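Asks: First the structure, which I've put down as structure tokens, then a few questions once you've had a look.
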Amino acid sequence: MVLSNPVGLSEPEQPPPSGAANARVTPMMEQYIEIKAANPDCLLFYRMGDFYEMFFDDAETASRALGIVLTKRGKHLGADIPMCGVPIERADEYLHKLIALGHRVAVCEQLEDPAEAKKRGAKSVVKRDVVRLVTPGTLTEDTLLDARRNNYLLAVARARLSSADEDARFALAWIDISTGEFRITECDRASLAAEIARLEPGEIIVSDALFADGELAPYWRTLPAVTPLARDVFDSGTAERRLTSFFAVATSEAFGALTRLEVTAAAACVTYVERTQIGKRPPLSPPLRESAGATMAIDQATRGNLELMRTLAGERRGSLLDAIDRTVTSAGSRLLAQRLSAPLTDPAAIAERLDAVAGFVEDTATRADTRSRLAAAPDLARALARLAVGRGGPRDLAAIRDGILAAAELARALAALKDMPTEIAQALEFCRRPDGMLAAELAAALAAELPAFKRDGGFVREGYDAALDETRRLRDESRRVVAALQARYAEDTGVRGLKIRHNNVLGYFVEVTAQHGEKLIAAPLNTTFIHRQTLAWQVRFSTTELGELEAKIASAADRALGLELDIFERLTAAVIAQGAAIKDCAEALARLDVASALAQLAAERDYARPQVDDSHDFVIDGGRHAVVEQALAREGTPFVANDCDLSPPPFPPPQAGDGGEGVGRIWLITGPNMAGKSTFLRQNALIAILAQMGSFVPTKAARIGVVDRLFSRVGAADDLARGRSTFMVEMVETAAILNQAGNGSLVILDEIGRGTATFDGLSIAWATVEHLHDVNQCRALFATHFHELTALSARLPRLHNATVRVKEWHGDVVFLHEVVAGAADRSYGIQVAKLAGLPASVIERAKLVLAKLEQEDRAAPKGFEDLPLFAAPYKTAPVPADDAYAALVAALAALHPDELSPREAMDALYALKEKLKATEKK
Ligand code: ADP
Ligand code: MG
């Protein structure tokens, strides 16, 4: 295992001692030190009996991290060896804490029975080795995972086409080892962060070089678990071989046309899985390539801002996901989260998902029946993964049994569905895939009550296996013999309170109270009873007969457990043999869950089916905010629905450069604080996301031309939750939008320019609206408290002024939350302040000051039109005047179309295109 410096572990490692110093090291410590040296970047969980022990620095780190007692054990080089340990049955819990704190753990097990080791001599050490590395991205245990979220391991590989960073290409390969999902995609530097934000990986692996890269290093540090790995893992020369040998295929072409870079990232993933799972093979699906542009691009700031997966405070509660999640299985919940984080851009694919939802919306009875059947289906994918990597238990086998049966029944129940939508039909076919014999076999084999671990035994049903039944009878028989023996000893000795007991040190022993002890120690009874132990109140003895019986019982119990474990292995092998079918089945159940859950949501909250097409339209009829609406409903307050139309206006006719599809509108929304501007902005963005993920939407009707990129930014003052120095961040993010948004994008800007002095802010907001209108030509919603901006609509044909209505009532302001055409007449700041409970004296004073200011304003009018900002001639295409651009303009000016032959005209066109390319290279 070659790992370079870990990120998680900052403590310096104990250098393995060598040479003469080793002389006084016990054989066990020697083994420990050797294994530790091979895993320097991990905490070593060293198995000793019923505990995992940690020594030296590991012990100190772990005792601090876990709050467990630090003790000592023996000496090393004259100094005490610090030690701490965790009992194996609570190991998961401690692992969870350590992983969450960014540690990696190497689990070292005893590979033989201590009795075996003893046979080699009294001093010999039990064979041990590391069987698994536990890292954040390679977890399989339910106790270590969130059932409702995927946990991805992501490999990032980079190829540089030139020395410029913008030219670099990145390949991303990600695996959820707990479900087997495996995907690949490629992207450029600009969209790297957005892709990673979409996946929210549990762990990212990169090469040492990429980790230390001057430009990316600060970014890696913002992410939770980035593991740098030695070069060989990302070696493109061996990548093809590593990937194909993992899947036992001849060539990676089996997975479709992958680039060399994608193969490198995929190979890094499987190599890391192999190295952390050490010989165990999780049931990975073949890598599936996601084509760029298939999903709506949403950058990290936008995701956070729209509170898609969690709120700005980091909670799931209050997020869009939480508001729409009606799934009844964890696999369904994971799939829903996946779809929400990656809305589609292909109208046909979206329609297919919507068809499936529609099927369940109309048929209430079928929906209810499907959901109750699904609720009984366990998490097939994760149970399968655990069984495949040797960490499964009897309950995982039961989960497979119940999942397969539930799927088969569901397929039967839904077979009669009218006008079967394609997605459901396919899901039902997948539901029938696993062999029914497997479920029957599992049902026959498994007992009614199942222990958590296979080592506990007792999970095979009586009557399933004759040999097992026989051994168990022997074991139980012997127990009865012990009881009979106790009665006989009591009679022989005349000690009525004599008991036969068992503990781990003495095994079976005879116990009498202290007052009877002497009797058994003395002749003649001492020939039968061999004194072993005198305690304060009891005396303990062994007998030859009891010793023999004990050996018989132990061996019968051992044999019974051995037989059970054989059966477990056989059943597990049968399950793994059906792995692909079981995974398809699990996927199908998740899809049915998502479709019926979205239908449930639509029915419950009166959502409508959106129409999604390739236009640039955006017509929302009676839209609501999915989250705010539900929050208000809990308080019994109705949500005021609002329309929105960002479609290209019919006039003026399509302009040059807009591709003929028309260019969408910008709505400029003014209105006082608390009127509902931010809510309106976000609700429209959320509707677009919901529609494209394949959900019905909270509207009366909606027609949406596919949004290829979505941007949302909030002005600095609203961004306190993120606790960042605000104005700079606001400007950086606004810059990103103005540089990236195209005419398929939807842009939400909320109070941009608020974080600075008024005139600065106004000027920036002003120029931003112009740029969005003329250069980005995107659909946009722009909320602002700068009323002056409404003047822009006179000049920008696709700018539409809207305002949120308020009413004045006896000096108070009443919010109607109704979005109407027009501009707000005033800001009502003082009324809002009054609502907020500012002291009456302050309110009165503020009114006086305002009246005075307004008067003076009128006396010495400083019309806004006089500002240089307005006087300056406005350039419609504010492209930086660089040389290439100037050359293009000059060439264009020099052309005289009337004097050109057709041939010359063609040549001139080509020449212009070339010059245009030169400007784009900039
Ligand atoms: P603004 O951005 O204009 O200051 P917000 O969008 O933050 O206003 O809304 C203020 C509050 O008004 C919200 O917390 C919400 O409870 C309520 N609200 C907003 N829009 C609506 C609506 N359409 N119907 C009902 N209540 C609304
Ligand atoms: Mg607001």
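The values are calculated or read from the model by the stated rules, or taken from the named source; none is laboratory data. Computed from a prediction, not measured in an experiment: that's the story for all the values here. Cβ atoms come from the backbone with ideal geometry, glycine included; neighbour counts cover every protein chain shown. Calculation scope for accessible area: heavy atoms of the full protein, side chains included, ligands and nucleic acids excluded. Shrake-Rupley method; radii C 1.70, N 1.55, O 1.52, S 1.80 Å.
Asks: Can you work out the base-10 log of I(q)/I(0) for segment 166-268 at q = 0.10, 0.11, 0.16, 0.21 1/Å, using the Debye formula on its C-alpha atoms alone?
Replies: -0.28, -0.34, -0.73, -1.26
Asks: Rounded to the nearest 500 deg cm²/dmol, what is the calculated helix-only ellipticity per residue at 222 nm for the chain, with -39500 (n - 2.57) per DSSP H run of length n ≥ 4?
Replies: Mean residue ellipticity at 222 nm (helix-derived): -14000 deg cm²/dmol.
Asks: On to the next question. Using Stokes-Einstein with the Kirkwood hydrodynamic radius over Cα pairs, what translational diffusion coefficient do you get for segment 112-231 at 25 °C and a viscosity of 0.890 mPa s, in µm²/s rounded to a whole number?
Replies: Roughly 146 µm²/s, to the nearest whole number.
Asks: Charges on Cβ only, +1 for Lys and Arg, -1 for Asp and Glu, centred on the Cα centroid of segment 548-610; of A581, Q600, A554, which one is farthest towards the dipole's positive end?
Replies: Q600
Asks: Estimate the FRET efficiency between W809 and E914 by the formula 1/(1 + (r/R0)^6), using the beta-carbon distance for r and 60 Å for R0, to the nearest 0.05. Before the final figure, lay out each step's value.
Replies: Values: r = 65 Å, r/R0 = 1.09.
E(calc), rounded to 0.05, equals 0.35.
Asks: A further question follows. At what distance in nm do the modelled label points of R903 and A294 sit from each other, each positioned 7 Å from its Cα along Cα→Cβ?
Replies: Each label point is offset 7 Å from its Cα along the Cβ direction, giving 4.8 nm.
Asks: What is the percent of Cα-Cα separations in segment 475-582 that go past 16 Å?
Replies: When all Cα pairs of segment 475-582 are counted, 64 percent exceed 16 Å.
Asks: What ratio of Cα Rg to 2.2 N^0.38 Å holds for segment 40-141?
Replies: 1.12
Asks: Search the structure for amide H atoms under 5 Å from the amide H of K700, placed 1.01 Å from N in the peptide plane, and list their residues when 5 or more places away or on another chain.
Replies: Amide H neighbours of K700, under 5 Å, 5+ apart: D621, G622, G623.
Asks: Identify all aspartates and glutamates with a Cα-Cα distance to K127 below 15 Å; exclude those on the same chain that are fewer than 8 residues away in sequence.
Replies: Filter leaves E30, E34, E109, E112, D113, E116.
Asks: Which value in nm describes the separation of the simple spin-label points at K72 and E30, placed 7 Å from the Cα toward the beta carbon?
Replies: The modelled label-to-label distance comes out at 2.4 nm.
Asks: Now for a different question. Just subtract the alpha-carbon distance of K847 and A523 from 0.36 nm times their residue separation and send over the number in nm, one decimal.
Replies: The K847-A523 span can extend by a further 105.7 nm.
Asks: Hey, another quick one. Report, to the nearest 10°, how far helix 260-277 tilts away from the longest principal axis of the Cα atoms in the chain, using its own Cα long axis and a range of 0 to 90°.
Replies: 30 degrees
Asks: What list of ³J(HN,Hα) couplings, whole Hz, do you get for segment 617-633 from phi and the Karplus terms 6.51, -1.76, 1.60, once you set θ to phi - 60° and write x for glycine and proline?
Replies: Running phi through 6.51 cos²θ - 1.76 cosθ + 1.60 with θ = phi - 60° gives 6, 7, 10, 10, 10, x, x, 10, 8, 4, 7, 4, 4, 5, 5, 5, 4 Hz.
Asks: How do the peptides 485-491, 380-386 rank, highest first, by the average count of neighbouring beta carbon atoms within 10 Å per residue?
Replies: The packing order, highest mean first, is 380-386, 485-491.
Asks: Please report Rg over Rh for the chain, where both radii come from the alpha carbon positions and Rh follows the Kirkwood definition.
Replies: 1.08
Asks: Restricting to segment 110-230, compute how many DSSP beta bridges are antiparallel as a %, nearest 5. Don't jump to the answer; show the numbers that get you there.
Replies: Details: 16 of 23 bridges.
Within segment 110-230, antiparallel bridges account for around 70 percent of the total.
Asks: For the chain, what proportion of DSSP beta bridges, expressed in % and rounded to the nearest 5, is antiparallel?
Replies: Percent antiparallel among DSSP bridges in the chain is about 65.
Asks: Keeping the other protein chains in place, figure out the carbon and sulfur percent of the accessible area of segment 135-203, with a 1.4 Å probe.
Replies: So the carbon and sulfur contribution to the accessible surface is 44 percent.
Asks: Right, here's the next one. So if the hydrodynamic radius of segment 522-612 is defined as the Kirkwood radius over C-alpha pairs, what does Stokes-Einstein give as its diffusion coefficient at 37 °C and 0.692 mPa s, in µm² per second?
Replies: Reported coefficient: 162 µm²/s.
Asks: Hey, another quick one. Take the Cα coordinates of segment 572-617, assign each an equal point scatterer, and use the Debye formula without solvent to give log10 I(q)/I(0) at q = 0.25 Å⁻¹.
Replies: Listed by q, the Debye log ratios stand at -0.88.
Asks: Here's a follow-up. Please list, in order along segment 761-774, the HN-Hα scalar couplings obtained from phi with the Karplus expression 6.51 cos²θ - 1.76 cosθ + 1.60 (θ = phi - 60°), rounded to whole Hz, x for Gly and Pro.
Replies: Values, residue by residue: x, 4, 4, 5, 4, 4, 5, 5, 4, 4, 5, 4, 5, 9 Hz.
Asks: Which ³J(HN,Hα) values in Hz, rounded to whole numbers, follow from the phi angles of segment 596-607 under the Karplus curve 6.51 cos²θ - 1.76 cosθ + 1.60, where θ = phi - 60° and Gly and Pro get x?
Replies: 6, 5, 5, 5, 4, 4, 4, 5, 4, 10, 6, 8
Asks: Taking only the alpha carbons of segment 301-363, what extent do you get along each of the three principal axes, in Å, biggest first?
Replies: The Cα atoms of segment 301-363 stretch 37, 27, 19 Å along the principal axes, largest first.
Asks: What per residue convex hull volume, in Å³, comes out for segment 195-346 when only alpha-carbon positions are used?
Replies: That works out to 152 Å³ per residue.
Asks: Calculate the FRET efficiency for D606 and L223 from the Cβ-Cβ distance with a Förster distance of 56 Å, rounded to the nearest 0.05.
Replies: For R0 = 56 Å, the calculated efficiency reads 0.90.
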